[in-house]
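This report concerns only the one structure given below.
The values are calculated or read from the model by the stated rules, or taken from the named source; none is laboratory data. Keep in mind it's a predicted model, so treat the numbers as computed, not measured. Backbone-built Cβ (ideal geometry, glycine too); neighbour counts: all protein chains shown. The protein model used for the area step is the full one, side chains on, heavy atoms only, and it has no ligands, DNA or RNA in it. Shrake-Rupley method; radii C 1.70, N 1.55, O 1.52, S 1.80 Å.
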Amino acid sequence: MEREAMEFDVVVVGAGPSGLSAGIRLRQLAKEKGQEISVCVIEKGSEVGAHILSGAVMEPRAMEELFPDWKERGAPLNTPVTTDRFMLLGKSGAVRLPTPPQMKNHGNYIVSLGNVCRWLGDEAEAIGVEVYPGFAAAEVLYDDDGRVKGVATGDMGVGKDGEQTSNYQPGFELHAKQTIFAEGCRGSLTKSLFKKFDLRDGVDPQTFGIGIKELWEVDPEKHHAGRVVHSIGWPLDSRTYGGSFLYHLEDNQVAVGFVIGLDYTNPHLNPFEEFQRFKNHPSVRPTFEGGRRIAYGARAINEGGYQSVPKLTFPGGALIGCTAGFLNVPKIKGSHTAMKSGMLAAEAVFDLLSGDDTGDEAVSYEPALKESWIWEELYRVRNLRPSFRWGLWGGLLYSAIDTFLFRGRAPWTMRHHFDHDRLKKAADAKKIDYPKPDGEVTFDRLSSVFISNTNHEENQPSHLTLSDEAVPISVNLVEYDAPEQRYCPAGVYEIVAEDDLSNPQLQINAQNCVHCKTCDIKDPTQNINWVVPEGGGGPNYPNM
């Protein structure tokens with residue numbers, strides 16, 4: 001069966017903050033200039049916001065630029081930050097530290113970023129953007145000259161054996177004059193674009209963290225709307241980068257999460273278990289006792305910043321948002337920079353399509369971004385994340401010097417490294433004994449995945465593919481004690497063996513996958529490749 005094709009002026013891949021902002025800005029410009037530009041946004045989640053996971057404290061700067069009247073429009077920025085706390089945790093105590101200037105949140109809002117995206121999706125449709133959730137872009141399409149001409153969505157109804165079932169439906173081709181990729185962190189199509197157009201030549205490797213989050217409804221007496229608490233220290237050792245957040249939203253809800261840099265070295269470390277252990281800290285656990293856990297999820301985040309931003313345009317398209325890597329790590333914020341990048345790309349694409357620029361590449365986008373507040377913001381903090389290669393204390397000391405003495409303008413730029421080559425061999429690393437969950441405040445992975453509402457069509461090829469099926473046992477298990485069993489926050493990877501423990505095999509429980517992409521990043525041999533499953537599969541996050 002041939003694939004049907006749909007024609008648009010612009011196709012945007014991904015209905016996150018950047019993608020929706022790009023679509024909205026394009027239609028705003030078309031209306032202002034009296035022109036007609038057709039814009040389509042496709043989203044692999046079952047609905048807009050279904051796959052969106054972030055802390056999140058939102059800086060409204062980009063929102064105010066996109067919609068100066070966002071309050072009157074009813075944007076769901078409902079909880080202004082009232083208090084900032086920055087804590088250093090020990091095993092049994094906590095010390096309050098001065099809040100770093102980048103982490104001060106006066107004027108910001110605690111939000112559900114998923115709900116912000118749902119609202120942006122409604123605004124996009126109201127202004128004439130066609131938004132199609134449940135359609136996963138599985139392939140980049142090129143014309144005869146090698147220019148991007150759009151994307152194709154994945155086929156539906158293909159069985160595990162690769163054969164068409166009775167429910168088979170071919171994917172759609174979406175052709176566009178310009179295709180904007182807003183896939184989020186570690187986009188699967190973006191990886192192919194990096195290689196096709198050498199977009200990462202001359203820049204540092206991207207480095208990542210894994211963020212794990214729960215949403216709780218707590219006792220009203222323990223709830224303080226607008227309170228923001230961040231911590232560093234325990235339960236991580238001083239050589240492992242990471243920390244926590246507790247954000248008190250409206251309606252007695254608290255978002256709690258833990259972020260660990262994926263450059264960690266101990267293959268026995270389990271990010272999910274570190275998060276559960278954190279909740280047992282005496283300064284943390286009382287908040288959740290007697291409460292109810294509502295939702296769970298996990299997502300990789302970009303931490304490379306300024307040094308790791310790739311070339312942003314190529315013939316036929318552009319990269320925006322977290323797929324390009326605009327997260328401000330010390331600020332712990334990326335939605336405002338993602339939105340702004342989408343708006344800037346939209347303006348450059350509009351100029352190209354309206355004839356103000358020539359060619360097939362929106363070349364004015366990258367200079368505009370580098371002249372914007374995004375670039376200045378990322379430049380000023382470029383050395384803070386890499387300084388933690390010296391450990392917690394070295395990183396804190398350097399960050400203070402860089403921030404207060406050099407004002408972010410030190411005459412050097414530190415470099416990043418790949419995360420996947422940082423693991424020690426299992427025999428050279430200390431094993432970690434994690435406590436069993438109590439079912440009250442701490443939980444296991446499978447019960448957590450259950451409340452992420454994750455679901456995939458079971459009879460489909462695994463979207464977690466291996467370049468070499470022998471490597472998980474011959475290398476990962478033998479040398480690293482199969483770290484994929486631990487770094488996956490959803491229990492996707494499991495070593496199974498016969499009764500006599502002979503002939504171990506890697507079992508991939510793809511049904512559990514919450515689309516965090518950690519395996520694609522941290523696998524020490526880079527043998528795992530994450531590709532999109534059938535559209536609509538994955539988590540269905542409420543209010544995350």
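Name the residue, out of Gly171, Gly157, that is over 22 Å from the mean Cα position of the chain (by Cα), closer than 16 Å to Gly536 by Cα and free of Cβ contacts under 8 Å to residues at least 40 places away in the same chain.
On the way: Gly171 fails: free of Cβ contacts under 8 Å to residues at least 40 places away in the same chain.
Gly157 is the lone residue from the list that is over 22 Å from the mean Cα position of the chain (by Cα), closer than 16 Å to Gly536 by Cα and free of Cβ contacts under 8 Å to residues at least 40 places away in the same chain.
For region 1-105, which strands (runs of 3 or more DSSP E) that fit wholly inside it have 2 or more residues that are open to solvent by 20 Å² or more (accessible area, probe 1.4 Å)?
Working: elements: 5-13, 39-43, 83-89, 94-97.
Counting at least 2 such residues, we get 5-13, 83-89, 94-97.
Within region 419-433, not a single residue is on the phi > 0 side of the Ramachandran plot and outside any helix (DSSP H, G or I).
Taking the conditions (1) open to solvent by 40 Å² or more (accessible area, probe 1.4 Å); (2) touching a Phe, Trp or Tyr at 6+ places or on another chain (Cβ under 9 Å); (3) on the phi > 0 side of the Ramachandran plot in turn, Gly316 satisfies each one other than (1).
From the list Thr287, Thr240, which residue is surrounded by fewer than 23 Cβ atoms within 10 Å (Cβ to Cβ), out of contact with any Phe, Trp or Tyr (no Cβ under 7 Å at 6 or more places or on another chain), among the β-branched types (Val, Ile, Thr) and in contact (Cβ under 8 Å) with a residue 12 or more places away in the chain? Show your work before the answer.
On the way: Thr240 fails: out of contact with any Phe, Trp or Tyr (no Cβ under 7 Å at 6 or more places or on another chain).
Being surrounded by fewer than 23 Cβ atoms within 10 Å (Cβ to Cβ), out of contact with any Phe, Trp or Tyr (no Cβ under 7 Å at 6 or more places or on another chain), among the β-branched types (Val, Ile, Thr) and in contact (Cβ under 8 Å) with a residue 12 or more places away in the chain holds for just one of Thr287, Thr240, which is Thr287.
In region 116-140, how many are under 19 Å from the mean Cα position of the chain (by Cα) and part of a strand (DSSP E or B)? Total meeting the criteria: 3. Residue count for region 112-135 under the criterion of being among the polar types (S, T, N, Q) and surrounded by fewer than 24 Cβ atoms within 10 Å (Cβ to Cβ): the result is 1. Candidates in region 159-184 are the residues that are in a strand (DSSP E or B) and among the aromatic types (Phe, Trp, Tyr); of these, the one that is most open to solvent (accessible area, probe 1.4 Å) is Tyr168.
Sort out which residues of region 488-544 are in a loop (DSSP other than H, G, I, E, B), small (Gly, Ala, Ser) and either at pLDDT below 95 or out of contact with any Cys (no Cβ under 7 Å at 6 or more places or on another chain) (or both), and write them in order of number.
Selection gives Gly491, Ala497, Ser502, Gly535, Gly536, Gly537.
Of the residues Ser341, Ser335, which single one is farther than 26 Å from Cys519 by Cα, crowded, with 24+ Cβ neighbours inside 10 Å and touching a helix residue (DSSP H, G or I) at 6+ places or on another chain (Cβ under 6 Å)? Selected residue: Ser341, the only one of Ser341, Ser335 that is farther than 26 Å from Cys519 by Cα, crowded, with 24+ Cβ neighbours inside 10 Å and touching a helix residue (DSSP H, G or I) at 6+ places or on another chain (Cβ under 6 Å).
Kindly indicate whether Ile401 is open to solvent by less than 30 Å² (accessible area, probe 1.4 Å), among the aliphatic types (A, V, I, L, M) and not in a loop (DSSP other than H, G, I, E, B). The answer is no for Ile401. Applying the criterion of being more than 23 Å from Arg299 (Cβ to Cβ) and assigned to a helix (DSSP H, G or I) to the residues of region 477-487, the residue that is most open to solvent (accessible area, probe 1.4 Å) is Val478.
When region 434-457 is filtered for residues that are under 25 Å from the mean Cα position of the chain (by Cα), on the phi < 0 side of the Ramachandran plot and part of a loop (DSSP other than H, G, I, E, B), the ones remaining, listed by number, are Thr442, Phe443, Asp444, Ile451, Ser452, Thr454, His456, Glu457. For region 136-158, the set of residues classified as open to solvent by less than 40 Å² (accessible area, probe 1.4 Å) and hydrophobic (A, V, I, L, M, F, W, C) consists of Ala136, Ala137, Val140, Leu141, Val148, Val151, Ala152, Val158, listed by residue number.
Please list, ordered by residue number, the strands (runs of 3 or more DSSP E) wholly in region 207-283 having 3 or more residues that are under 17 Å from the mean Cα position of the chain (by Cα). Step through it out loud before you land on a result.
Details: elements: 208-217, 227-233, 242-248, 253-261.
Counting at least 3 such residues, we get 208-217, 242-248, 253-261.
When you scan region 356-383, how many residues do you find that are open to solvent by less than 50 Å² (accessible area, probe 1.4 Å) and free of Cβ contacts under 8 Å to residues at least 60 places away in the same chain? Final tally of qualifying residues: 11.
Look at Asp402 and say whether it is out of contact with any Asp or Glu (no Cβ under 7 Å at 6 or more places or on another chain), free of Cβ contacts under 8 Å to residues at least 60 places away in the same chain and within 21 Å of Glu273 (Cβ to Cβ). Steps first, please.
Working: out of contact with any Asp or Glu (no Cβ under 7 Å at 6 or more places or on another chain): yes; free of Cβ contacts under 8 Å to residues at least 60 places away in the same chain: yes; within 21 Å of Glu273 (Cβ to Cβ): no.
Judged against the criteria, Asp402 is not a match.
Determine whether region 408-418 contains at least one residue that is touching a Gly at 6+ places or on another chain (Cβ under 7 Å), in contact (Cβ under 8 Å) with a residue 24 or more places away in the chain and buried (at least 19 other Cβ atoms within 10 Å of the Cβ). Steps first, answer last, please.
The initial filter retains those residues of region 408-418 that are touching a Gly at 6+ places or on another chain (Cβ under 7 Å), namely 416.
Checking the rest, the ones that are also in contact (Cβ under 8 Å) with a residue 24 or more places away in the chain come to 416.
Now narrow it down to the ones that are buried (at least 19 other Cβ atoms within 10 Å of the Cβ): 416.
Within region 408-418, one or more residues are touching a Gly at 6+ places or on another chain (Cβ under 7 Å), in contact (Cβ under 8 Å) with a residue 24 or more places away in the chain and buried (at least 19 other Cβ atoms within 10 Å of the Cβ).
Look at (1) of a type outside the set (Val, Ile, Thr); (2) under 30 Å from Val478 (Cα atoms); (3) surrounded by fewer than 23 Cβ atoms within 10 Å (Cβ to Cβ) and you find that Pro267 fails only one, number (3). Scanning region 430-455 for residues that are of a type outside the set (Gly, Ala, Ser) and buried (at least 19 other Cβ atoms within 10 Å of the Cβ) gives Val441, Thr442, Phe443, Arg445, Val449, Thr454. The residue pairs whose first member lies in region 260-273 and is closer than 19 Å to Ser231 by Cβ, whose second member is open to solvent by less than 10 Å² (accessible area, probe 1.4 Å) and in a helix (DSSP H, G or I), and whose beta carbons are closer than 6 Å, counting only pairs six or more residues apart or on different chains, are Ile260/Pro271.
Looking only at region 189-206, count every residue that is of a type in the set (D, E, K, R) and under 20 Å from the mean Cα position of the chain (by Cα) and tell me the total. Show your work before the answer.
Of region 189-206, the ones of a type in the set (D, E, K, R) are 191, 195-196, 198, 200-201, 204.
Restricting the remaining residues to those that are under 20 Å from the mean Cα position of the chain (by Cα) gives 191, 200, 204.
Total meeting the criteria: 3.
Arg299 passes every criterion in (1) assigned to a strand (DSSP E or B); (2) surrounded by 24 or more Cβ atoms within 10 Å (Cβ to Cβ); (3) in contact with an Asp or Glu (Cβ under 8 Å, 6 or more places away or on another chain) apart from (3).
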